[in-house]
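Read-outs: derived from the displayed coordinates by stated rules, not from any lab. Keep in mind that what you see is a predicted model, and the values were worked out from it rather than measured. Note: ideal-geometry Cβ built from the backbone for every residue, glycine included; neighbour counts use all protein chains shown.
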Amino acid sequence: MTGAEIVRVLGKLPYASFINVEPILMDEELTMVMRYQEKNIGNPFLPALHGGAIGGFLEVSAIAGLMFSGDYTKVPKPIGLNIGYLRRGKPQDCFARTNIVRQGSRIANVRVEAWQDDMDNPVAVLMGNFLTADYKG
Amino acid sequence: MEKMWAMAPAFVEGVPHGKALGIKFVSVDRGKATMALPYSAKIIGDPATRVIHGGAITTVLDQVSGLAAVAAIVTEENILAMTGVATLDLSIDYMRPAKPGETVIATAHCYKTTHHIAFVRAIAHDGDDNDPVATSQATFMISHAGGKP
């Protein structure tokens with residue numbers, strides 16, 4: 001899928017708009033951003049982003065990363081995933097990049113890292129398997 | 001536990017992201033909690049099937065697990081001091097898509113706590129808990145009131 005198609009697919013994904021996620025394209029590299037909004041807060045006292053919003057962002061990023069890597073007619077479905085929360089999500093923009101560890105004929109294994117100020121100090125990391133049965137190179 | 005019952009709805013109402021998703025408090029007991037996520041077009045993850053996004057399920061599982069952890073460690077003494085928990089790790093298995101139009105019910109059980117960590121299992125379903133949409137296993141860091149161990 002091309003960058004323009006990713007933008008179009010994400011635009012039609014209500015959940016991606018709900019948590020305020022958009023793609024940033026630089027040449028052949030896809031970075032996702034979850035723009036800060038008050039309704040993504042989980043703990044207003046700290047304050048901190050909701051772990052679920054960060055988890056959802058990582059899932060959307062994984063799906064976008066997979067679709068960007070090949071031709072899909074359907075949205076890849078999560079099967080099993082693990083999210084490690086490494087530090088508090090501050091009330092600011094959050095970025096993510098997807099690394100496809102293995103793309104098989106039916107299953108893709110991905111690793112997604114999310115960061116805020118510093119790419120080398122991620123706030124959360126997702127490891128997961130997605131069902132990609134209609135994947136075509 | 002009576003105080004917990006009185007305070008628990010605030011754990012849902014006081015969370016902006018949960019509120020924006022429309023998550024509702026259902027019940028709380030010692031180490032246990034239940035919440036509901038009503039169906040909404042704004043959280044659709046696949047426009048072709050109108051199935052809600054896994055991320056919304058992730059959020060309700062995270063939140064209900066957090067409340068179950070708090071409900072496991074809360075005492076008469078620490079309830080007002082806001083002893084808190086923070087998600088350390090969340091593993092989710094998705095069994096099937098949630099049915100479009102149906103409310104998702106999430107129930108969590110905190111089955112073990114140590115001094116620092118709470119261990120919680122949860123299940124999300126849309127009416128029949130023998131036919132789960134997703135199950136999760138989470139660990140939470142426990143931060144003690146006043147920062148003291």
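Note that chain B, at 20 °C in a medium of 1.002 mPa s, gets a Stokes-Einstein diffusion coefficient of 139 µm²/s from its Kirkwood radius over C-alpha pairs. Here chain A is treated with +1 on each Lys and Arg Cβ and -1 on each Asp and Glu Cβ, and its dipole about the Cα centre works out to around 520 debye.
Per residue of peptide B:42-54, the mean number of Cβ atoms on other chains within 10 Å of the residue Cβ is 6.
Positive-end ranking of B:139, B:36, A:13 along the dipole of the protein assembly as shown, with charges on Cβ about the Cα centre, is headed by B:36. Scoring B:51-59, B:39-47 by mean Cβ neighbours within 10 Å over their residues and listing the highest first yields B:51-59, B:39-47.
What whole number of Å gives the distance from the Cα centroid of region B:88-149 to the Cα centroid of region A:50-123? Going from one Cα centre to the other spans 20 Å. Tally Lys and Arg at +1 and Asp and Glu at -1 over the other residues with C-beta under 10 Å from the C-beta of residue B:68: what net charge comes out? My count for the surroundings of residue B:68 gives +2. Take each residue in A:75-87, count the other chain C-beta atoms within 10 Å of its C-beta, and the mean is 6.
For region A:1-98, the Cα-based Rg and Dmax, in that order, read 13.6, 44 Å. The mean number of partner chain beta-carbon atoms within 10 angstrom of a residue's beta-carbon across peptide A:27-40 is 1.
Once the Cα atoms are used to define both axes, helix A:51-69 deviates from the longest principal axis of chain A by about 30 degrees.
Rounded to the nearest 20, the size of the Cβ-charge dipole of the protein assembly as shown about its Cα centre is 260 debye, with Lys and Arg at +1 and Asp and Glu at -1.
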